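What follows is a short report on a single structure.
The values are calculated or read from the model by the stated rules, or taken from the named source; none is laboratory data. Since we're looking at a predicted model, the values are computed, not measured. Heads up, the Cβs are rebuilt from the backbone with ideal geometry, glycines too, and the neighbour counts pull from every protein chain shown. Just so you know, the surface numbers come from the protein's heavy atoms only, side chains and all, with ligands and any DNA or RNA stripped out. Shrake-Rupley method; radii C 1.70, N 1.55, O 1.52, S 1.80 Å.
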Amino acid sequence: MNYFGPGHGACPGCGFPIAIRGAIEVLDGKVIAVNSTGCLEIVSSMYGRNTWGVPYIHSLFENAGAVAAGIETALRAMKRDNEAHVVVFAGDGATFDIGIGTLSGMMDRDHNVIYICYDNEAYQNTGNQQSMATPPGANTTTTPVGKLKPGKTGRKKDMVEIAVAHGVPYAASASIAYPKDFQRKVKRAAEFEGSKYIQVHAPCVTGWGIDGKLTVEVSKLAVETGLYPLVEYEYGKLVKVKKLKQRKPVEEYLKIQRRFRHLFKHEMGKEILEQLQKIADENAEKYGLDA
Amino acid sequence: MRKVVRGFYAIAEAVRLSKPNVIAAYPITPQTEIVENLAEMYANGELGDAEYVTAESEFGAASMVLGASAAGARAFTATSSQGLLLMSEVLYNAAGMRLPIVLVIANRSVSAPLSIWNDIQDSISIRDAGIIQLYVESNQEAHDMIPLAFKVAENRDVLLPFMVCVDGFKLTHAYEPVDLLDQETVDKFLPPYNPVVKLDVNNPVAMGCYAPPPYYMEFRVAMEYAMERASKVMLQEFKKWYKLTGRDWGGHVVAENCEDAEVVVVAMGSVVPLVREVISRMRQDGKRVGMLKIRTYRPFPSREIRKALKNAGKIIVIERALSIGAEPPVTADVKSALFGLNSEVYPVVTGLGGRDIPRELVERIIEDVMKGKIKPEKRYEGLNEFEEVIP
Amino acid sequence: MAKMKLYIGASSPAMSSEMKTGDWGTELAYIDKEKCIACGQCITFCPEPATSMVEEGDKKYAVVDHDYCKGCWICFTVCPVDAIEMKTKEIYKVEVC
Ligand SMILES: Cc1ncc(C[n+]2csc(CCOP(=O)(O)OP(=O)(O)O)c2C)c(N)n1
Ligand code: SF4
Ligand code: SF4
Ligand SMILES: [Mg+2]
């Protein structure tokens with residue numbers, strides 16, 4: 001029995017299917033999946049081509065948190081709460097931007113849900129528009145590089161911290177480059193009652209301008225440069241971080257992706273590169289990444 | 001048990017008796033007291049196994065009942081005005097997913113300008129969503145229609161959300177004598193919900209799939225057919241309700257004194273009793289006037305309306321909502337039902353944003369129409385003369 | 001024509017395995033069963049999944065189901081012993097003359 005795929009329509013080399021299948025497998029298929037509108041939804045739930053081997057629901061772009069809360073409440077009311085874990089799989093746009101209200105409500109009421117945000121750092125389904133998860137400097141169709149603009153300006157929002165601030169029992173970041181670590185985190189999350197938030201970095205081959213050969217390498221580099229720290233909180237306390245033996249300069253991560261290529265030629269590129277390195281340095285400092 | 005209660009209590013009590021599994025809501029005037037009453041029942045352990053949740057917004061509340069319903073629960077929410085508009089994306093979605101959610105709308109005008117007072121612009125605005133809409137004239141009718149709403153919505157030939165529309169303040173906050181149902185009666189009428197599809201690990205299905213062009217249209221037309229079936233199912237359930245409780249609310253419409261009437265007033269909701277009173281007085285004076293109460297607005301009972309109005313030459317429609325830039329909504333629907341008949345239709349827009357509708361106004365309009373003093377075209381009544389200041 | 005069957009509200013049982021996405025790519029992954037150490041990396045990482053483990057006597061090794069391999073190279077990059085080879089499909093081999 002397959003829990004997710006094969007036969008789905010994700011681009012060859014897409015990162016998120018690794019996380020989706022990994023999460024469901026580690027929960028032994030005891031999952032009710034709730035999905036927001038976005039790439040995952042489009043590639044997996046065309047009528048007559050459903051790719052999910054577990055019960056699945058898609059409602060809207062911005063309400064996965066509330067739909068999951070409703071399902072969890074219903075299962076509890078009907079004494080069916082031992083049947084399955086309610087697990088959200090939502091994009092970064094659905095999570096950081098348009099759906100943050102319903103996610104906040106879900107976490108505030110502490111519904112027993114595992115919320116997994118697959119973070120491909122833009123609205124990929126609609127063709128790579130910026131989200132609040134898009135890192136500075138990224139070229140997207142709504143933050144295009146132009147004479148005056150070096151791609152996105154501003155920062156990537158720290159959703160893990162926002163989850164922690166809600167007082168949820170468990171919050172973590174993960175990466176598809178480290179699937180076992182991700183799976184361990186999902187399993188750990190399942191041990192807590194209440195809302196759990198896991199954000200998993202998942203490359204998009206088209207939006208980031210890479211191909212499948214680089215999917216794993218690029219996500220690994222995001223971690224190894226300190227731009228995507230892998231952290232874990234329990235009851236608001238930082239309990240674990242992935243230490244880096246030799247933190248790499250951010251350029252190594254950026255130069256292999258088309259979305260950042262302009263930074264090495266653009267007038268304002270240097271400034272952004274410095275900003276990105278500063279973010280990595282601050283992450284290293286904050287989480288004690290350097291081993 | 002007959003008691004003088006306020007509308008919101010009569011509604012909350014009927015919801016309790018319908019044994020929902022999940023109630024999710026967000027407060028907004030004038031719906032607030034309905035959910036406050038439910039919250040209180042929940043806090044006192046009077047809602048059985050039901051879970052009551054206060055959402056972070058109406059959008060969240062609607063999404064929660066959507067999720068709950070998909071999981072196989074009987075789910076309820078209530079709202080008004082801005083809250084309903086905020087829910088609207090979810091409600092279109094729930095209808096398309098064929099989830100039999102029941103909602104009470106405490107009807108209120110919409111902003112801007114902000115107004116908490118009554119008209120029916122809110123629910124009228126989402127008439128195309130695929131949700132059954134029924135407008136009540138009294139708190140007894142509101143009380144009775146809630147178990148009925150669940151029964152109809154959950155019927156496997158229907159499976160659409162059901163909206164019971166109750167005029168805000170005018171009904172929701174009014175004290176009225178209500179024969180409160182008891183659990184035994186409701187249980188006899190309304191069996192536990194048995195969903196046809198649900199989120200279930202033992203039988204996994206995907207809900208809310210997207211449909212490419214070869215499928216989409218069929219799904220939407222299937223909703224139209226379900227609405228048509230709902231029309232029949234509702235009539236059956238109205239009859240069963242009458243048998244069970246002795247209260248006959250009639251069918252989709254209630255025609256009073258229409259057979260020989262020259263002029264018929266079409267009304268919905270809480271203005272019905274007022275119109276009825278005016279009509280019966282005028283009848284005593286020997287005037288050939290009648291009233292048509294529209295109860296079911298979606299599915300729109302065109303056939304019933306045409307039948308009831310076929311002899312009436314002149315039809316006044318009391319409109320408490322606008323379709324700005326077009327014919328008022330109920331008039332447009334009534335006219336389409338009468339297409340080809342020789343009747344004249346007089347749309348009378350009045351009572352917006354809680355403006356009082358005095359008895360004299362109704363009387364005067366009927367008189368004017370009888371005497372041929374006004375033309376069959378849209379008019380605003382109870383409206384002050386004004387000049388818009390555009391500085 | 002037979003009537004279309006519509007599951008209510010666009011609900012649908014799992015059925016995507018009917019979609020043979022193996023025809024999407026220009027290349028396919030091949031695993032050398034002699035070199036394969038059955039570590040399972042390619043199975044963990046294949047997004048489809050097109051890879052699975054088989055047992056033959058006491059030999060365990062990974063195989064690729066070409067019905068679903070999109071030729072993305074991910075397995076190639078994660079295999080620790082270079083047991084995976086990417087081969088261009090016959091139809092994409094252009095003869096240069
Ligand atoms: C209310 C609403 N606004 C906009 C859209 C259009 N839309 C669909 S998916 C999407 C982006 C999804 O982004 P994300 O959540 O990051 O998922 P991804 O596609 O990147 O996996 C947008 C903007 C929509 N479906 N609904
Ligand atoms: S567009 Fe990007 S995120 Fe979407 S399926 Fe393709 S690779 Fe994956
Ligand atoms: S090339 Fe890609 S799709 Fe094919 S087996 Fe390897 S990882 Fe799977
Ligand atoms: Mg995204």
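Of interest is the spacing of the C-alpha centroids, which for segment B:294-317 and segment A:164-239 amounts to 61 Å. Residues whose amide H comes within less than 5 Å of that of C:THR51, counting only those at least five positions distant or on another chain, are C:ASP65 (H built at 1.01 Å from N in the peptide plane).
Amide H contacts of A:GLY53: A:PHE4, A:GLY5, each under 5 Å away and 5 or more positions distant or on a separate chain (H built 1.01 Å from N in the peptide plane; Pro and chain starts excluded). Pairs spanning more than 30 Å between alpha-carbon atoms, out of A:LYS30/A:LYS255; A:LYS213/A:LYS245; B:LYS3/B:LYS151; A:LYS30/C:LYS3; B:LYS188/C:LYS5: A:LYS30/A:LYS255; A:LYS30/C:LYS3; B:LYS188/C:LYS5. The distance between label points at C:GLU85 and B:LYS310 comes to 8.4 nm (points 7 Å beyond Cα on the Cα→Cβ vector). Of the chymotrypsin sites (Phe, Trp or Tyr not before Pro) found in segment A:213-277, those that fall in a DSSP loop while having at most 16 other beta-carbon atoms within 10 Å are A:TYR235.
With both bridge residues required to lie in the protein assembly as shown, what share of the DSSP beta bridges run antiparallel, to the nearest 5%? Once the DSSP bridges in the protein assembly as shown are tallied, antiparallel ones form about 35 percent. With loop membership from DSSP and a limit of 11 other Cβ atoms within 10 Å, the longest segment of chain A without trypsin sites (Lys or Arg not before Pro) is A:148-244. Among the GluC sites (Glu not before Pro) within segment C:1-88, those in coil by DSSP and having at most 15 neighbouring Cβ atoms inside 10 Å are C:GLU34. Against the longest principal axis of chain B, how steep is helix B:213-245, in degrees 0 to 90 to the nearest 10, with axes from Cα atoms? The angle comes out near 80 degrees. Give the separation of the Cα centroids, segment B:31-110 to segment B:181-207, in Å. If you average the Cα positions of each part, the centres end up 17 Å apart. Distance between the 7 Å Cα→Cβ label points at A:LYS278 and B:GLN284: 8.4 nm. One quarter of the convex hull surface built on the alpha carbon atoms of segment B:2-245 amounts to 13.2 nm², the projected area averaged over directions. Helix content alone sets the calculated 222 nm mean residue ellipticity of chain A: runs of n ≥ 4 DSSP H residues at -39500 (n - 2.57) each, divided across all residues, give -10000 deg cm²/dmol. Bridgeable lysines around B:LYS373 (alpha carbons under 23 Å apart, same-chain partners fewer than 8 residues away excluded): B:LYS287, B:LYS310, B:LYS314, B:LYS335. Interface residues of segment A:67-110, defined as a loss of at least 50 Å² in heavy-atom accessible area between the chain alone and the complex of all protein chains with a 1.4 Å probe, are A:THR73, A:ALA77, A:MET78, A:ARG80, A:ARG109. For segment C:31-87, the carbon plus sulfur part of the accessible surface works out to 47%, probe radius 1.4 Å. Scattering from the protein assembly as shown was approximated by placing one identical point on each alpha carbon and applying the Debye formula without solvent; log10 I(q)/I(0) at 0.09 1/Å stands at -0.88. Both the radius of gyration and Dmax for segment B:254-380 are 13.2, 39 Å, in that order, over alpha-carbon atoms. Each helix, a run of at least 4 DSSP H residues, gives -39500 (n - 2.57); summed and divided by the residues of chain B, these come to -12500 deg cm²/dmol at 222 nm.
Extension gain, B:ASP200 to B:ARG2: 0.36 nm times the residue separation minus the Cα-Cα distance gives 67.0 nm. The residue list B:VAL369, B:THR350, B:TYR380 was ranked by how far each Cα lies along the charge dipole of segment B:344-391 toward its positive end, using unit charges on Cβ atoms, and B:VAL369 comes out on top. Peptide C:2-8 has a mean of 5 when you count, residue by residue, the C-beta atoms of other protein chains within 10 Å of its C-beta.
Cβ-Cβ distance of C:GLU56 and A:ARG155, R₀ of 45 Å, FRET efficiency by 1/(1 + (r/R0)^6): the value works out to about 0.25. Based on DSSP H assignment, which helices of chain A show an axial Cα extent of at least 18 Å together with a mean Kyte-Doolittle hydropathy greater than or equal to 0.5? Helices meeting the span and hydropathy rule in chain A are A:64-77.
Of all aspartates and glutamates in the structure, the ones whose alpha carbon falls short of 13 Å from that of C:LYS93, not counting any fewer than 8 places away in one chain, are C:GLU27.
All Cα-Cα separations within chain A were binned at 5 Å from zero, giving a P(r) of 1, 6, 13, 17, 20, 17, 13, 8, 4, 2, 0, 0, 0, each value a whole percent of the pairs.
For chain B, the longest principal axis of the C-alpha atoms and the axis of helix B:7-17 are separated by about 40°. So how much accessible surface do C and B hide from each other in total, probe 1.4 Å, in square angstrom to the nearest 100? That pair hides around 1000 Å² of surface in total. For the protein assembly as shown, the solvent-accessible area works out to 41 Å² per residue, with a probe of 1.4 Å and every protein chain left in place. Compared with the dominant Cα axis of chain B, that is its longest principal axis, helix B:359-370 is turned about 60°.
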